[in-house]
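Visitor: What follows is a structure written as structure tokens; I'll ask about it next.
The values are calculated or read from the model by the stated rules, or taken from the named source; none is laboratory data. Being a predicted model, the structure only gives us computed values, none of them experimental. Neighbour counts run over all protein chains shown; Cβ positions are idealised from the backbone, glycine included. In case anyone asks, the SASA skips ligands and DNA or RNA and just uses the protein heavy atoms, side chains included. Shrake-Rupley method; radii C 1.70, N 1.55, O 1.52, S 1.80 Å.
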Amino acid sequence: MKVLKFGGTSVGSSKNINNVVSILNNYAQKDQVICVVSAVGGVTDKLLEAGYLAQTKNSDYTDKFETIKSIHLNLVKELIPEHNETVLETVTTKLNGLKSLLDGIYLINELSPKTSDKLVSYGELLSSYIIAETLKSRGANAERKNSQELITTNANFTKAEVNYPITNTNIQDYFKNSTFDITILPGFIASTATGEFTTLGRGGSDFTAAIVAAALEVEQLEIWTDVSGMFTANPKLVKQAMPIEKLSYQEAMELSHFGAKVLYPPTVQPVLSLQIPIHIKNTLEPEAVGTIISQDSTSATNTAKGITNISNVALLTLQGNGMVGIPGFSRRLFQTLAQEKINIILITQASSEHSICFGIDEKDAEVAKTAIDAEFENEISLNKIDPILVENDLSIIALIGDNMKSHQGISGKMFSALGKNNINIRAIAQGASEKNISAVIAQKDVKKALNILHEVFFEGNIKQLNVFITGVGNVGERLVEQIKQQRKYLKDNLKINLRVIGLSNSRKMLFNEDGLTLKNWKEQLNEDGIPATLEGFLETVKSLNLRNSIFVDVTANKDVADLYAQYLKHSIAVVACNKIACSSAFEKYKELKTLSYKYNAPYLFETNVGAGLPVIDTLNNLIASGDKVTSIQAVLSGSLNFVFNNFNDTTKFYDVVKQAAAEGYTEPDPRIDLSGVDVARKILILARESGTEMNLEDIENTPFLSEAGLKSDTVDDFYQTLIADEAHYQNLFASAKANKAQLKYVAEFNNGKAKVGLREIPEGHPFYNLKGKDNIVMFYTQRYPEQPMIIKGAGAGADVTASGLFADIIRIGNN
Ligand code: ADP
Ligand code: ASP
Ligand code: MG
């Protein structure tokens, strides 16, 4: 004999019921089959909604009823297209009964737990009848037996307790004489000895099946549902979750008690002592292996088996000096809760005994507070204890596994992963059995926390990075392309799952929580993007609340830079090629560094100096390893290098600058480069990163531009001065030529002071042969006193800058 149970989704449509029918027919060829069914998916909720509307004198309950009616009549018509008159008639009669019940509730505006059980029983009564008739109409030797005649309970309506001796006898007696190949039983519903309708609690069809399986001591209980087993985490919240092949009864109980809805918690109890395995299978994918729950779970390699969550939890804290050392507080507290029939999900007590903290369902919080404050009224009035403290909008997450106890460091790993991602933990409980470590966190952090823990415990160290890019102009575009091209490589070789979640230019922004495919991303941004604002972008990044979020600033915009602090405060890393933040007032730079440290959110800006060259990283490594910088000599402007490498007595200064601008080597306003401000910013950043407190004004800047060029008001005016002052620039060249020197724009940092300016570089100097748009940086340090550490290479250009940004992103991934 086999016992199978099919849940709401499995019987939620005629298509799915057809799947069920074919599974049953297959089984029935080998063995006698008992099949427990739920109400059609969503019907129990709809019945309760209709009941609530009727009770509150809202006549819309009739609409709900009509929906329920058409769901069932349609199923009959689709499943039994011919000769369905009797079935339709019986279903209609049942529905009329339901309608009368609802009318009655409306009339007296009262919905007691007893009536509620009667009301919801229609769901399973209807589904079981229709499924049995479908089987019969197709020639199966099938029958429906009403479980209310088999399962006897007490009168604890909505969650009745089973009387096993009577129930077991009923079931055994009935099936002893049954000759049907397939018997359909409605799940969830039962009755008292006096025939009142009861139910076994929401989700209770699983339990019905377990009761029957145990009474008949069958070999195996199969729970057929809409997922391929019990997963490492709720697959609706964690995309990477995977089915767990084997679980022990204890693990399954812990997982279901702590929120894995796929199995109703009491289900394990009847089959446990008989050691009947439970097999969870997917009706929509019958060939999938599913999960086996049994005494033995040893094959698993993972110590942690799953992560679960319970939402809508309230945390209550009873505290006060009067509690210390005085026995009986806990007993009174929990007795009070028991009297109110309030279920406690989690308890923690600090060893000081100064406070007891426990988690309950949020909907019970009011009642609990009133009852506890009343119980301790006397102590509260004497200031021995405080009125009970209630915190809402919380959730419990739990890490579960039998073998966690024999492995050290699991809870450390769990809490450090949460801490690193700035998830605040309100309370912790670890059962003495160490099969379960639970933490109470804010409801808004649940999805993020589950995904972080899943990554750490189940994903073979693949780390997900969630990137949000603002500014997809020249450099930004290359960055997106590089990410698109390298994604697979990163996953395979560096175990980094790099996802672009958001993109924005100055007009549009586009998001996809599951990661943008990046195919035709430009068109998509234009067509599907919503109007962009900097605050809107920030708010979306914050509200998505994804782990390892990285904001990438590929603009040169001050307003964007002004928002870095907000990103960092929400533990969102910032990667910027925008130099403004790092070269603004020292306090601002310092603040960002502090926030980055405090919120564990990297702030990286390698591309601020030398584009993709690893200048800042190298400097940071020197300093981190205890070295001290004494001097920095550098050529840091790709654009100025381009200009002075191409300017001579056969070219015109104006033409060369124009060409540099056209090739994208200068800032949109070339004065920023030619005035030396850009280079000053760069040496400022290097000085600061070397540990010197310095501002832009402290840098000595000797300009080489003509008087008129320096004073020009607009970019156009500036270009005009280049033409007018050609002689001034030719003089600079002639002087250098006479001295057999090359013109280079040099930045220097010596003993805490910095300066920038145009220099005549003699032959033999490392800067002399610097070509094209190359940069060079020479670090003189305590360890490199005479021969400097030199970094040299292309210091401008979209591709190299993009690759510098890319490297910063990967640095975060490797961290
Ligand atoms: P049924 O109607 O078949 O009884 P349920 O809705 O009660 O199905 O349970 C299945 C659902 O449980 C899944 O669709 C899934 O959303 C949810 N669920 C939550 N946690 C888990 C988990 N750890 N593994 C599998 N499913 C889970
Ligand atoms: N139909 C009931 C419910 O929705 C029982 C079940 O599906 O297990 O809770
Ligand atoms: Mg269920």
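Visitor: How do the helices (runs of 4 or more DSSP H) wholly within segment 395-501 filter down when requiring 1 or more residues that are in contact (Cβ under 8 Å) with a residue 40 or more places away in the chain, over 23 Å from residue 232 (Cβ atoms) and not aliphatic (A, V, I, L, M): which remain?
Guide: 474-489
Visitor: Restricting to segment 242-259, name every residue that is open to solvent by 20 Å² or more (accessible area, probe 1.4 Å) and in contact (Cβ under 8 Å) with a residue 40 or more places away in the chain.
Guide: The answer is 242, 243, 245, 246, 250, 254, 258, 259.
Visitor: Would you please name the residue that is farthest from residue 189 (Cα to Cα), looking only at residues in segment 204-230 that are in a loop (DSSP other than H, G, I, E, B) and more than 14 Å from ligand 3 (Cβ to nearest atom)?
Guide: Taking segment 204-230 and keeping what is in a loop (DSSP other than H, G, I, E, B), we get 204, 216-220, 226-230.
Still in the list and also more than 14 Å from ligand 3 (Cβ to nearest atom): 216-220, 228.
Working: 216: 19, 217: 21, 218: 21, 219: 24, 220: 22, 228: 26 Å.
In this case the residue turns out to be 228.
Visitor: Look at residue 554 and say whether it is surrounded by 22 or more Cβ atoms within 10 Å (Cβ to Cβ), within 27 Å of residue 599 (Cβ to Cβ) and out of contact with any strand residue (DSSP E or B) (no Cβ under 9 Å at 6 or more places or on another chain).
Guide: Criteria not met by residue 554.
Visitor: Name every residue in segment 12-33 that is over 31 Å from the mean Cα position of the chain (by Cα), closer than 21 Å to residue 121 by Cα and crowded, with 20+ Cβ neighbours inside 10 Å, in order of residue number.
Guide: 17
Visitor: Further question on the same structure: Select from segment 557-587 the residues that are open to solvent by 20 Å² or more (accessible area, probe 1.4 Å) and of a type in the set (A, V, I, L, M) and write down the one among them that is nearest to residue 616 (Cα to Cα).
Guide: Per the stated criteria, the residue is 580.
Visitor: For residues that are assigned to a helix (DSSP H, G or I), over 42 Å from the mean Cα position of the chain (by Cα) and crowded, with 23+ Cβ neighbours inside 10 Å, tally how many sit in segment 654-688.
Guide: 4
Visitor: Then there's this: Which of the residues belonging to segment 34-64 are farther than 14 Å from residue 13 by Cα and open to solvent by less than 10 Å² (accessible area, probe 1.4 Å)?
Guide: 34, 35, 36, 47, 50, 51, 54
Visitor: The conditions are (1) out of contact with any Ser or Thr (no Cβ under 7 Å at 6 or more places or on another chain); (2) more than 13 Å from ligand 2 (Cβ to nearest atom); (3) of a type in the set (Lys, Arg), and residue 202 fails exactly one of them. Which is it?
Guide: (2)
Visitor: Considering only residues that are under 18 Å from residue 491 (Cβ atoms) and open to solvent by 30 Å² or more (accessible area, probe 1.4 Å), which ones fall in segment 438-458?
Guide: Result: 456, single match.
Visitor: Follow-up. Is it the case that residue 93 is open to solvent by 10 Å² or more (accessible area, probe 1.4 Å), modelled with pLDDT of 95 or more and within 16 Å of ligand 1 (Cβ to nearest atom)? Spell out the reasoning first.
Guide: Details: open to solvent by 10 Å² or more (accessible area, probe 1.4 Å): yes; modelled with pLDDT of 95 or more: yes; within 16 Å of ligand 1 (Cβ to nearest atom): no.
Criteria not met by residue 93.
Visitor: Which residue, of 382, 389, 337, is within 22 Å of residue 310 (Cβ to Cβ), open to solvent by 80 Å² or more (accessible area, probe 1.4 Å) and among the aliphatic types (A, V, I, L, M)?
Guide: Result: 389 is the single residue among 382, 389, 337 that is within 22 Å of residue 310 (Cβ to Cβ), open to solvent by 80 Å² or more (accessible area, probe 1.4 Å) and among the aliphatic types (A, V, I, L, M).
Visitor: Now, a different point. Go through the residues of segment 5-28 one by one and say whether even a single one is within 16 Å of ligand 3 (Cβ to nearest atom) and charged (D, E, K, R).
Guide: Within segment 5-28, one or more residues are within 16 Å of ligand 3 (Cβ to nearest atom) and charged (D, E, K, R).
Visitor: May I ask you to say which residue of 189, 182, 171 is touching a residue at least 40 places away in the same chain (Cβ under 8 Å), within 16 Å of ligand 1 (Cβ to nearest atom) and β-branched (Val, Ile, Thr)? Full working, then the answer.
Guide: Details: 182 fails: within 16 Å of ligand 1 (Cβ to nearest atom); 171 fails: within 16 Å of ligand 1 (Cβ to nearest atom).
None of the other options fit; the residue is 189.
Visitor: Would you check which residues across segment 158-197 are acidic (Asp, Glu) and either open to solvent by less than 60 Å² (accessible area, probe 1.4 Å) or touching a helix residue (DSSP H, G or I) at 6+ places or on another chain (Cβ under 7 Å) (or both) and list them?
Guide: Taking segment 158-197 and keeping what is acidic (Asp, Glu), we get 161, 173, 181, 196.
Those that are acidic (Asp, Glu) and either open to solvent by less than 60 Å² (accessible area, probe 1.4 Å) or touching a helix residue (DSSP H, G or I) at 6+ places or on another chain (Cβ under 7 Å) (or both): 181, 196.
Visitor: Sort out which residues of segment 37-67 are within 13 Å of ligand 2 (Cβ to nearest atom) and either in a helix (DSSP H, G or I) or within 15 Å of residue 134 (Cα to Cα) (or both), and write them in order of number.
Guide: Within segment 37-67, 37, 40, 43, 44, 45, 46, 47, 48, 49 qualify.
Visitor: Does residue 200 satisfy the criteria of being within 16 Å of ligand 1 (Cβ to nearest atom), in contact with a His (Cβ under 9 Å, 6 or more places away or on another chain), open to solvent by less than 60 Å² (accessible area, probe 1.4 Å) and of a type in the set (A, V, I, L, M, F, W, C)?
Guide: So residue 200 does not fit the description; no.
Visitor: Still on this model: Looking at (1) under 29 Å from residue 394 (Cβ atoms); (2) open to solvent by 10 Å² or more (accessible area, probe 1.4 Å); (3) more than 15 Å from ligand 3 (Cβ to nearest atom), find the lone condition where residue 233 falls short.
Guide: Only one criterion in (1) under 29 Å from residue 394 (Cβ atoms); (2) open to solvent by 10 Å² or more (accessible area, probe 1.4 Å); (3) more than 15 Å from ligand 3 (Cβ to nearest atom) is unmet by residue 233, namely (2).
Visitor: Take residue 291 and tell me if it is crowded, with 18+ Cβ neighbours inside 10 Å, of a type outside the set (Gly, Ala, Ser) and within 16 Å of ligand 2 (Cβ to nearest atom). Can you show your working first?
Guide: Details: crowded, with 18+ Cβ neighbours inside 10 Å: yes; of a type outside the set (Gly, Ala, Ser): yes; within 16 Å of ligand 2 (Cβ to nearest atom): no.
Taking the combined requirement at face value, the residue does not satisfy it.
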